[in-house]
Amino acid sequence: MNLESLIRASLVILISVAVMSCKPVAPSAPLRSWEMLAGAQAAMWRSAEIPNSGKVEVRDGEAVLEEGGPISGLRFTGWIDGAFPVRDYEIAFDAMRVEGEDFFAAVTFPVRSIETCCTLIVGGWGGGLVGISSIDGQDAADNMTRSEQRFENGKWYHIRLEVRDELLRCWIDERIVFNTSIKARAIGMRAGYIENCLPFGLATYGSKGRVRALVVRELAAEK
């Protein structure tokens, strides 16, 4: 066997050994997502049983909350441990204030644990405030998530909220409105009827609101 043939034979042996020693890599589990106002999820919404609530219902892929006196609310009954995420996930939806002058899309959601929840307020405190209630006992009007935006009645807005153990981010129509560290901060609910929406729900205040295309998606853990 000449030198060239010997080199070729050696390469074939080395490649064969390398291939045989490689173990197949198990595919990663696909990240889950849920359309919360369609299919099986649509049937899991109930009135939050808030006194003087307006009519609330889920129909045709939309949640509709009529103006209450002053709060109306819906509660999702299927959000239990293990069935839906409590960390590393996002909530995306379209929302419209049909009429009224205050928040038209308040989304209550869990952070870190199903026992620890807070609320994203969209259009509160007179119509334009966006923020989280509550962080370290401070409402959306008083903590670092507060921002102001002009909302027009009859117009759809796309909202996306990212939920991490140490971070909350929110975009409206792809414009970021807060990007806030919650490391070592206490997350909680504002005391009152909004607690009837736990652990996941929708509410309006002095307004009629519509929500559509409500999707919850798991996210890969941040490195």
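The values are calculated or read from the model by the stated rules, or taken from the named source; none is laboratory data. Because the structure is a prediction, the values reported are computed rather than measured. Glycine also receives a Cβ, built like all others from the backbone with ideal geometry; neighbour counts cover every protein chain displayed. These accessible areas exclude ligands, DNA and RNA; they are computed on the full protein's heavy atoms, side chains included. Shrake-Rupley method; radii C 1.70, N 1.55, O 1.52, S 1.80 Å.
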Taking the stretch 71-94 and keeping residues open to solvent by 10 Å² or more (accessible area, probe 1.4 Å), in contact with a helix residue (DSSP H, G or I) (Cβ under 8 Å, 6 or more places away or on another chain) and hydrophobic (A, V, I, L, M, F, W, C) leaves I71
Given (1) without any contact (Cβ under 8 Å) to a residue 40 or more places away in the chain; (2) within 18 Å of G192 (Cβ to Cβ), number of the condition F109 does not satisfy: (1)
Selection within the stretch 24-52 - at pLDDT 95 or above, hydroxyl-bearing (S, T, Y) and more than 17 Å from L65 (Cα to Cα): S33
Tell me which residues, restricted to the stretch 103-113, are more than 17 Å from N143 (Cβ to Cβ) and either open to solvent by less than 30 Å² (accessible area, probe 1.4 Å) or small (G, A, S) (or both). F104, A105, P110, S113
Members of the stretch 129-142 that are open to solvent by 10 Å² or more (accessible area, probe 1.4 Å) and part of a strand (DSSP E or B): Q138
Scanning the stretch 114-124 for residues that are of a type in the set (A, V, I, L, M) and farther than 15 Å from R212 by Cβ, the one surrounded by the fewest Cβ atoms within 10 Å (Cβ to Cβ) turns out to be I114
Do we find a residue being hydrophobic (A, V, I, L, M, F, W, C), part of a loop (DSSP other than H, G, I, E, B) and surrounded by 15 or more Cβ atoms within 10 Å (Cβ to Cβ) anywhere in the stretch 45-68? yes
Condition first: open to solvent by 50 Å² or more (accessible area, probe 1.4 Å), in a strand (DSSP E or B) and free of Cβ contacts under 8 Å to residues at least 60 places away in the same chain. Now tell me which residues in the stretch 143-168 satisfy that. E148
Quick check: anything in the stretch 194-203 without any contact (Cβ under 8 Å) to a residue 24 or more places away in the chain, open to solvent by 20 Å² or more (accessible area, probe 1.4 Å) and either farther than 30 Å from N52 by Cα or not basic (K, R) (or both)? yes
Boolean, R190 is over 20 Å from V64 (Cα atoms), of a type in the set (K, R), in contact with a strand residue (DSSP E or B) (Cβ under 8 Å, 6 or more places away or on another chain) and assigned to a strand (DSSP E or B): no
I'm trying to understand the selection: among the residues of the stretch 117-128, which are more than 24 Å from R217 (Cβ to Cβ) and part of a strand (DSSP E or B)? G124
